[in-house]
1. Counting pairs of Cα atoms in the range 158-241, how many percent are more than 19 Å apart?
2. With θ taken as phi - 60° and the coefficients 6.51, -1.76 and 1.60, list the Karplus ³J(HN,Hα) couplings across the range 193-206 in order, rounded to whole Hz; mark glycine and proline as x.
3. Simple spin-label model, 7 Å along Cα-to-Cβ: Arg118 to Thr70 in nm?
4. Considering only Cα-Cα distances, which of the following residue pairs are longer than 21 Å: Lys158/Lys202; Lys158/Lys211; Lys211/Lys240; Lys83/Lys107; Lys121/Lys211; Lys126/Lys152?
5. Can you give me the pair-distance distribution of the range 177-223, C-alpha pairs, 5 Å bins, whole percents?
Amino acid sequence: MTTLTHRARRTEVSKNSEKKMETEEDNNQERSTDNEDSGDSKDIRLTLMEEVLLLGLKDKEVLLKSDSPTGDVLLDETLKHIKATEPAETVQTWIELLTGETWNPFKLQYQLRNVRERIAKNLVEKGILTTEKQNFLLFDMTTHPVTNTTEKQRLVKKLQDSVLERWVNDPLRMDKRTLALLVLAHSSDVLENVFSSLTDEKYDVAMNRAKDLVELDPEVEGTKHSATEMIWAVLAAFNKA
């Protein structure tokens with residue numbers, strides 16, 4: 001898991017620093033996680049896929065319970081595929097199909113096309129990215145640099161806080177959207193971008209806690225009372241990939 005590999009210049013957290021961070025954890029343990037998103041922008045609403053893509057950009061650069069339209073084109077396209085498939089496929093199979101990781105010629109129609117570019121265009125429409133043309137000698141390439149750095153920093157701080165100041169050391173008590181975002185950010189190898197601005201000490205604590213979280217047994221966590229099964233099913237699928 002490349003995301004969770006420590007940077008070369010980072011050293012392991014010392015016992016004293018860990019005790020210091022655990023003291024901070026105890027002081028904040030009783031904070032309610034119901035208000036996890038209280039600092040979110042009320043004007044800009046991002047999907048999880050858009051948030052994962054945004055986290056991965058440099059500032060300079062299943063069980064189908066309902067098939068009702070969501071308003072998100074990519075998600076609605078996915079739901080359409082799942083609804084039309086008999087017999088039902090597993091979460092891992094759908095991840096392989098939708099991302100194009102399968103070589104089955106009879107399943108090619110399930111691949112989602114130009115996902116990254118389509119998500120980027122959504123972020124352009126929301127005023128978070130812009131579109132530029134960069135010349136590379138023989139051809140031009142379309143890029144999407146970040147323009148709304150405030151929104152990205154809000155998202156980065158939200159995830160940093162979730163494993164530092166707001167850390168509860170229990171997935172069942174975590175805000176479900178934040179838990180899903182941490183799992184997807186890990187699986188997409190963008191957690192390094194999230195924690196890179198932290199001090200060495202906090203970076204190590206954040207990475208260790210994130211590592212402990214994503215290395216939990218999805219089969220066990222998904223069966224716990226009040227657990228969000230889909231989050232753990234997705235993590236299990238990525239772990240097997």
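1. Working: 1137 of 3486 pairs.
Cα-Cα pairs in the range 158-241 separated by more than 19 Å: 33 percent.
2. Along the range 193-206, the couplings run 5, 5, 9, 5, 7, 6, 5, 3, 4, 6, 4, 5, 5, 4 Hz.
3. Here the modelled spin labels are 1.2 nm apart.
4. Working: Lys158/Lys202 15 Å; Lys158/Lys211 17 Å; Lys211/Lys240 17 Å; Lys83/Lys107 15 Å; Lys121/Lys211 32 Å; Lys126/Lys152 13 Å.
Result: Lys121/Lys211 exceed 21 Å.
5. Calculated over all Cα pairs of the range 177-223, the distribution is 5, 20, 28, 27, 12, 6, 2, 0 percent.
Computed from the coordinates by the stated procedures, all read-outs in this text should not be read as laboratory data. In this text the structure is predicted, and so the values were computed from the model without any measurement. Please note: Cβ atoms are built from the backbone with ideal geometry, for glycine as well, and neighbour counts cover all protein chains shown.
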